[in-house]
Structure formats: structure tokens, C-alpha cells
Amino acid sequence: MGVDQPQITLADVSFSFAPDRPVLRRCCLELRPGQRVGVTGANGSGKSTLLHLIVGLLMPDEGTIEAFGKPRNREADFREVRRRAGLLFQDSEDQLFCPTVAEDVAFGPLNLGRTRGQVHEVVARSLDTLGLAGYEDRVTYQLSGGEKRLVALATVLAMEPDVLLLDEPTAGLDEAVQQRLADLLVGLPQAMLIASHDRAFLQQIATRTEHLRDGHL
Amino acid sequence: MQRITFFQGESVIHRIDPRARVVVAAVYAVLVAMAVRLDVLGVALGVAAATVAAARLPWRDVLGRLIPLNVFMLLLLVTLPLTSGGEPLFSVGPVGVSRQGLRLAATIAIKGNAIVLALVALLATVEVTALGHALSHLRVPDKLTWLLLFSVRYIDVIHREYRRMAAAMKVRGFRPRANLHTYRTYGHLVGMLLVRSFDRADRVLAAMKCRGFQGRFYVLDHFHFSRRDAAFTLTAGVVLLLMAVAEWTPWA
């Protein structure tokens, strides 16, 4: 895979939850290394659906999804995609399910079969990158909303992904935390796809913006 | 929501390996539940109280835990002596108070209190996550352990969801009364809570799959069974054995 080849390519992807209500219609999208692509659109326009399709939580009705140089069609194909494309969920409460921060961040690396030493190292590194050093033993449900979002991002970074998929990363955060998140994201090396209707936030971090309307990009 | 705080203390008991405490508590509970001799049960109650003292738990809170149990016990203490038959000890008017009944009621009351005290001292002092891990180390089926851990993690989220919906009902003028409208509204509330929990479970599973979950949980930190833990297990083992011998040997 060349340096500038797209990491994620959607070609004519269509999806609907019910036949008479299509969510996405023949959407095409490319994400290349270093790009931070914003996806805007109204509530319910299919932004989250788009991200869930990329990691195979949903399957397209038509069209093809190519990720990291290979077409991805089946559940088994998407296992690798899920490791390499980290999805940050809209509600961090869904993402943090372990009792303590360290256990939650370690969950992904442990699933990948890392040794205990490697896990502790990657946990420390992920937390450190986000300025969360010292949060290891904090109880996840007692964190503030902003802390929860950052810890959720740490759990994603601990998978050492090549691409980040962020679903409404600023939802429910105050301006100070939003700013901190923007600064952190700009500093990360990964290509990103950011679904958000926060235009100011996207202007700050996105290198390009796509608009989703009536199922078309 | 009321939080359980016994595990936050500092004592000899708190430092013992949770696995040892779980095993000892389980054996103790079975033994006490099966014993019938009053003297053995008395000793068992004493041992439990001593363990609570060793755990340095606030007595007021511990006794608070015993209240609901003993309200129930009071019912037995009143009814059993009057209904068991057997040799009458004395009579209140036309009703004979039976010796066997009184003895049975006392046995049950002592058993109940002893077991609860021991569980408070040994298990309530384990942080719930550690308890989950201890159970999984002890080969308790994974599904039961996850049930415990996920309940602990999400009960607060579900409670918050409930409070939000209850508040939304209140601001629209809902006041519970004994009428059909109230029952129907509570039905909707519980139904919505179930639906939302179900949806959340779906999203949590999706999030877990994104992080490589394939049906197995791995434990980050392992327990270390130290010499102190061995000493505790041994002492507890001897005490339990002595109790069993006293209970079941004919000459004792």
C-alpha cells in the first residue's frame, strides 16, 4: 500500500434500516493518510451510520467498502478493520464499561493478545498522550462528561489505530474541553473522519469537509 | 443512590486476598446453615462478631444491616413457639409456648445473624470489582461474573435515566395517585427503561466488538496469594473444622 493510497474508500455505498427509508444513497468517500475529513449533516442524516458501516457494525445494502488496501465484505474481514480504525462513540457511557480507567483502556490491547508488560505500557502511553496520566485507578462512572470522552478516546488510541472515526466528539462538552480536544486531535498523527454538526470545531481541525444531505455526500 | 462503603476501610481483613475471603465465607455459611447445636452456633456468632471487630467496621452501620433481617426474625420468634407443638414450656392463656419451637426460632435467628455478620466482615469489605475478579479466578462461570460486573457498572446509568424520566414526568404535572392513569404511566416508565437498557446493551456490545472483543474477558491485574493469606486461610480452616467436629461428633 503506497503512502498516499486511500486508507478507507467507500464506493457507491447505500444503506437503509427500512426499504422505504434509505439513509445513505450511493455515497462515495476517500480518506487518505494525514487527512482530517469532517462530515456534517442534520440530525438523523446518517453520519453515525456511515461510521458504523466502515467498521462493519452495519453492512451496506449495495456498494463496496475498501479499507487498508483490501475489500471488506464479511464479519471476519472487519475484525482487522476494527483494530486499525478506532471508532469513538457518540455516548462515552456506552464505550466505558469497565470499573476502572486502567482496566477499560487495557480491554482492547488484552483482546489483541498483548502481554501484560506491553498492556501496562500502552495504557500509560495512551493516557499520557491525552494528559490523563494518574487517572489509572479512577472509577469510570464517577468521571465528568469531559473526562469520560477523553478516557474513551484513550481506549481507542490504546488499540494503536491507523485511522480514527469520531462520532460527534464535541457533543455535551463545554468550550474549554472542546478546545482541549481540538488541540489534542490536531496533534495526533492518524487520519480522521469526524462526524459532527459543530461547524466551528470542524473548521478548526478538519482539512476538508463533506456534507451529508438526503443520503448523498 | 446509596453507596456501599465498607470496602473502603483499612484493616487486617481488608488486606487479605479476596479469593481466600470468598472461599472462607462460603464454607462458613454452609456450615452454619447446616449446624443445629446451640453452643456451636453461639461460637459461630462469636467468631463472626470477632471478624467484624477485626475488620474495624463502624458498629452502627453493621447493626443497621442487621435490622431488616431481624424484623423478619421477630416474626419467626413470635410465631414458631406458638405453632410448633411439642412440650409446652409455659402457656399464655389457652396457647402453649413450645420449648422446641422457641429453640428452633432461636437457632434460626442466630444462624441468620451469624451468616450476615460474617458476609459483612469478609465480603462487604471486598471492592466489588475485586469480588468479580476473585469469582472468575475461582472458576465461577464467566456469565455470572459479567452479570455482576456489568450490573455494578450500569446500575447508576440506568438509575440516572430513571431519574431523568421521572423528572420529565413531574415537570408535566404528574403526581402518583391510586388510579389507572398512574399505573399506566409507571408501566410506560418501566417499559421505556427496559427498552433503553436493551438499546444500551446493544451499543455497549458494539463498542466492545470495535475493541476486539471475541467473547473472552481478560483480567488486567492478578492477585498475589501471600503468606498472610495462607495464615488466614489456615486459621479459618482450623476454626471451621473444630466447629464441624463439635457439631457432628456424638461424644462432644
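The values are calculated or read from the model by the stated rules, or taken from the named source; none is laboratory data. Treat the numbers as computed from the prediction; the structure is a model and nothing was measured. A quick note on method: Cβ atoms are made from the backbone with ideal geometry, for glycine too, and the neighbour counts reach across all protein chains shown. Accessible surface areas use protein heavy atoms only, side chains included; no ligands, DNA or RNA. Shrake-Rupley method; radii C 1.70, N 1.55, O 1.52, S 1.80 Å.
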Inter-site label distance for A:Glu175 and B:Asn179 at 7 Å from Cα along Cβ, in nm: 4.8 nm
Fraction of antiparallel bridges per DSSP, the protein assembly as shown only, in percent to nearest 5: 55 percent
Shielding by other protein chains, A:88-98, mean Cβ within 10 Å: 6
Carbon plus sulfur fraction of accessible area for chain A, probe 1.4 Å, in percent: 46 percent
Shielding of A:154-166 by partner chains, average beta-carbon count, 10 Å: 1
Which of A:Ala18, A:Pro33, A:Gly113, positive extreme of dipole for region A:8-207 (C-beta unit charges): A:Pro33
Entries of A:Lys70/A:Lys148; A:Lys148/B:Lys170; B:Lys143/B:Lys170 with Cα pairs more than 32 Å apart: A:Lys70/A:Lys148; B:Lys143/B:Lys170
Computed FRET value (nearest 0.05) for B:Thr83 with A:Asp4, which takes r as the C-beta separation and R₀ as 60 Å: 0.10
Rg ratio (alpha-carbon, reference 2.2 N^0.38 Å) - the protein assembly as shown: 1.28
Net length gained if the chain between B:Phe7 and B:Ser91 were fully extended (0.36 nm per residue, minus Cα distance): 25.5 nm
Inter-label distance, nm, simple model (7 Å from Cα along the C-beta direction), A:Arg32/A:Met59: 3.3 nm
Mean separation of Cα contacts under 8 Å, 6 or more apart, over the residue count of region A:1-94: relative contact order %: 31 percent
Calculated from backbone phi, Karplus (6.51, -1.76, 1.60) coupling profile of region A:58-69 in Hz, x at Gly/Pro: 10, 10, x, 6, 9, x, 10, 10, 10, 9, 6, x
Listed peptides B:118-129, B:226-237 by packing density, highest first (mean Cβ within 10 Å): B:118-129, B:226-237
Percentage relative contact order, chain B, counting C-alpha pairs under 8 Å, at least six apart: 28 percent
Beta bridges per DSSP with both ends in region A:8-207, % antiparallel, nearest 5: 55 percent
Between helix B:18-34 and chain B: long-axis angle, C-alpha atoms, 0 to 90°, nearest 10: 50 degrees
Rounded to the nearest 20 debye, dipole of region B:141-210 from Cβ charges on Lys, Arg, Asp, Glu: 380 debye
Extension reserve of the B:Thr235-B:Lys143 stretch, reckoned as 0.36 nm per residue once the Cα distance is removed: 29.9 nm
FRET E, pair A:Ala133, B:Arg15, Förster distance 22 Å, beta-carbon r, rounded to 0.05: 0.20
J(HN,Hα) series, region B:40-49, from Karplus relation 6.51 cos²θ - 1.76 cosθ + 1.60, nearest Hz, glycine and proline x: 4, 5, x, 4, 4, 4, x, 4, 4, 5
Size of charge dipole - the protein assembly as shown - debye, nearest 20, with Cβ of Lys, Arg +1 and Asp, Glu -1, no other charges: 1140 debye
Percent carbon-and-sulfur accessible area, region B:141-210, ignoring ligands, DNA and RNA, probe 1.4 Å: 66 percent
Helix-only CD estimate at 222 nm, as mean residue ellipticity for chain B, using -39500 (n - 2.57) per DSSP H run (n ≥ 4): -24500 deg cm²/dmol
